[in-house]
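Read the figures in this text as sums done on the coordinates, not as results from a lab. For clarity, every value in this text was computed on a predicted model and none was experimentally measured. Here the Cβ is made from the backbone with ideal geometry for all residues, glycine too, and neighbour counts use every protein chain on show.
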Amino acid sequence: MKKKQNKFGKLPSGPANIIIFVLLLLGGIFMLSKIADNVKETGEIPYSEYLNLVEQDKIKKINVIGTFVSGVTKDEKSFETNVAEYPGHWDLLRKHNVEFAIINQSNQFSMWHILFIILLIAGFAVMWYFFKPSSNTGSGGGGNIFTMGKSKAKMFLPSAIKEKFSSVAGAHEAKEELEDMVDFLKNPEKYKRLGAKITRGALLVGEPGNGKTLLARAVAGEANCPFFSISGSDFIEVFVGVGASRVRDLFAQARKHAPSIIFIDEIDAVGRHRSAGGVGGGNDEREQTLNQLLTEMDGFEVGKDPVIVLAATNRPDVLDKALLRPGRFDRRVEVPYPDLASRVQILTLHAQTVQISDDVDMKKIARGTPGFSGADLANLINEATIIASKGNKEKVTIQDFEEARDKILLGKEIKTIVLTQKDREITAYHEAGHALVRLMMPNVMDPLHKVTIVPRGRALGVTHSMPEREKYNRNKEEMIASIKAALGGRVAEEIVFNELSTGAYSDFLTATDIVRDIVCRYGMTDELGPIVYSQKQGDFVYSQKTAEKIDEKVRQIIDTCYAETKDLLMAHKDKLTALSVALLDKETMYAREIYELLNIESREDHKFE
């Protein structure tokens with residue numbers, strides 16, 4: 001039967017440790033006894049009795065510490081008391097021939113007190129070392145000074161790793177890159193017979209939530225080998241040299257269990273560019289740790305069995321060049337945001353444990369979530385399930401997914417906000433302006449999905465589109481159409497109310513960003529040509545004359561788009577009014593309702609190819 005481990009760690013077991021522990025204990029008792037004897041031998045007397053003893057010439061000598069007096073009578077009895085401060089006290093002592101000394105308050109501690117304090121501190125240090133809580137943070141994860149250089153990595157044996165490549169939905173190209181490493185770990189002779197060498201390391205690069213850690217665990221699960229997991233920040237300590245020691249210990253453990261995999265999450269915490277000669281605020285501890293990591297990955301010591309290092313980061317631009325060269329991180333595996341097909345697979349995978357209604361189309365949900373990471377999609381499923389549970393539903397419906405998506409993108413619906421009828425009308429016409437501009441340019445805009453004037457987060461209303469396909473390239477016509485759609489809300493307010501409000505601020509930001517991309521990044525204007533103009537750090541810096549040309553061109557494009565949008569809405573003012581009135585009545589309208597209301601050909605049933 002396995003005994004239960006003592007939660008206070010192991011007691012001192014060596015003879016020397018036991019002797020030290022006993023001596024400290026006895027020393028403490030001895031110090032306490034001396035202080036106690038001191039207290040017992042000294043008797044405290046009232047101030048009045050002290051004055052009587054002085055006047056009766058019975059006091060031999062005293063020590064004065066502020067208002068505290070300790071002394072000895074002529075019959076060798078000790079006493080102490082507190083006296084009042086008055087000028088005649090010293091004259092009284094001289095008159096009766098009392099020997100007195102004034103002691104500084106800072107020297108009032110005796111040698112016994114000082115020794116006791118030192119011994120007490122040493123005792124606490126020893127007790128902390130021996131009786132500290134045991135650490136379960138992985139092999140070598142001790143918390144005392146003697147184990148500070150041990151690695152904090154968690155070791156997972158093959159039986160504890162359940163993830164396989166089948167557990168990772170999407171990320172097809174990343175899985176293909178990593179399958180070579182798995183095949184080498186399983187069949188090394190297949191590659192060694194022709195002289196091939198295993199990849200020393202692979203760097204997983206991607207935004208947070210796209211599955212870098214899951215892919216690393218899947219590699220270990222497929223290869224059926226030990227897996228060491230650690231974060232880059234776990235190497236760094238305030239003491240210089242500790243991180244390097246932890247790196248050595250980590251690789252020593254990995255080589256003992258080779259073939260094995262080391263996974264370093266957020267490697268940019270330890271792998272940043274090294275400074276030159278201390279310039280630029282270098283960190284000695286981090287740089288020594290990085291140097292040791294470089295040596296372990298590609299140094300003189302080469303083991304027979306492979307140790308593969310996987311690392312993850314979303315900031316590859318800050319990593320040291322020596323870390324990225326062949327022989328260390330040989331491969332850079334991109335883990336991008338999932339495309340449409342991958343989003344369908346991810347949603348389907350996470351929906352396996354959820355009771356979902358039969359009419360829920362995962363493909364449609366995937367179309368409406370461009371730019372969502374794998375973690376975002378998992379959160380979408382969970383939020384929809386929570387919403388359905390709060391409504392006591394038997395299954396999760398498409399309405400629950402709509403509510404969950406709006407909550408994630410915009411925030412929770414605000415039910416306590418009180419809007420005047422004028423504010424509601426302005427919001428309705430504003431959102432109708434956005435929607436109508438999109439509807440009037442079907443060849444360059446994504447199909448309309450939903451329009452709502454229900455306040456969420458900081459938005460009083462929102463217009464959603466439903467992308468037909470993944471877009472990896474945009475032409476100038478599509479970007480100009482996006483500018484007009486962003487300006488449609490303000491233009492509608494001006495046409496109907498002939499006044500301007502603050503609700504278009506975020507729309508102007510969007511429009512301005514797109515126009516500056518046209519002018520400064522993509523070279524889509526004849527006046528400035530195919531040149532990148534940017535004021536970001538590290539990019540090109542242009543002259544004041546060029547800046548004036550850019551501002552002039554940006555203003556020209558915005559003014560042209562604004563005027564054309566105004567002409568478009570004026571030509572369809574009846575549709576603008578009809579849609580606004582319907583929004584005031586229903587608050588939320590879906591595309592099919594809007595197409596029927598305005599007698600426009602529907603794009604709702606468009607099939608993705």
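Say R0 is 25 Å: what FRET efficiency, to the nearest 0.05, do H273 and R248 get from their beta-carbon distance? Step by step, r from the Cβ atoms, then E = 0.65. Across the stretch 377-390, rounded Karplus estimates of 3J(HN,Hα) from the backbone phi angles (6.51 cos²θ - 1.76 cosθ + 1.60, θ = phi - 60°) give 5, 4, 5, 4, 4, 5, 5, 5, 5, 5, 4, 5, 5, 5 Hz, Gly and Pro being marked x. In this structure, the amide hydrogen of G201, modeled 1.01 Å from its nitrogen in the peptide plane, lies closer than 5 angstrom to those of V309, D330, R331, counting only residues at least 5 positions away or on a different chain. Loop-located chymotrypsin sites (Phe, Trp or Tyr not before Pro) across the stretch 388-473 with a Cβ neighbour count of 16 or fewer within 10 Å are Y472, with loop assigned by DSSP. In terms of surrounding Cβ atoms within a 10 Å radius of their Cβ, F227, F235, F184 rank from fewest to most as F184, F227, F235. In nm, to one decimal, how far is the E596 label point from the D57 one, both placed 7 Å along Cα→Cβ? Simple spin-label model gives 12.4 nm for this pair. The length gained on full extension between E179 and N379, counted as 0.36 nm times the residue separation minus their Cα-Cα distance, comes to 69.2 nm. Distance between the modelled labels on R193 and N443, one decimal in nanometres: 6.0 nm (7 Å Cα→Cβ projection). Going down the table (K484/K553; K390/K412; K471/K566; K164/K395; K476/K549), which pairs top 23 Å between alpha carbons? From K484/K553; K390/K412; K471/K566; K164/K395; K476/K549, over 23 Å: K471/K566; K164/K395.
Once the Cα-Cα distance is subtracted from the 0.36 nm per residue extended length, the E99 to F497 segment shows a gain of 133.2 nm. Each label point was placed 7 Å from the Cα along the Cα-to-Cβ direction; for E564 and I414 their separation is 3.4 nm.
Across the stretch 421-598, the relative contact order, built from alpha-carbon pairs under 8 Å that are at least six residues apart, equals 29 percent. With a Förster radius of 45 Å applied to the beta-carbon distance between S166 and E527, the computed FRET efficiency rounds to 0.25. Loop-located GluC sites (Glu not before Pro) in the stretch 446-492 (DSSP state not H, G, I, E or B) with no more than 16 neighbouring Cβ atoms inside 10 Å: E468, E470.
So if R0 is 56 Å, what FRET efficiency would E548 and T67 give, r being the distance between their Cβ atoms, rounded to the nearest 0.05?
With a Förster radius of 56 Å, E is 0.10.
Shown here for the stretch 284-378: GluC sites (Glu not before Pro) in loop regions (DSSP other than H, G, I, E, B) with at most 12 other Cβ atoms within 10 Å, namely E301.
Here the convex hull built on the C-alpha positions of the stretch 421-598 has a volume of 139 cubic angstrom per residue.
Per-residue Cβ neighbour counts within 10 Å put V318, V72, V491 in the sequence V318, V72, V491, beginning with the fewest. Note on K545: aspartates and glutamates with a C-alpha under 20 Å away, same-chain residues under 8 apart excluded, are D517, D526, E527. In terms of distances greater than 24 angstrom between alpha carbons, the cross-link table entries K162/K197; K154/K256; K162/K364; K175/K407 yield K162/K197; K162/K364; K175/K407.
In terms of surrounding Cβ atoms within a 10 Å radius of their Cβ, D320, D585, D57 rank from fewest to most as D585, D57, D320.
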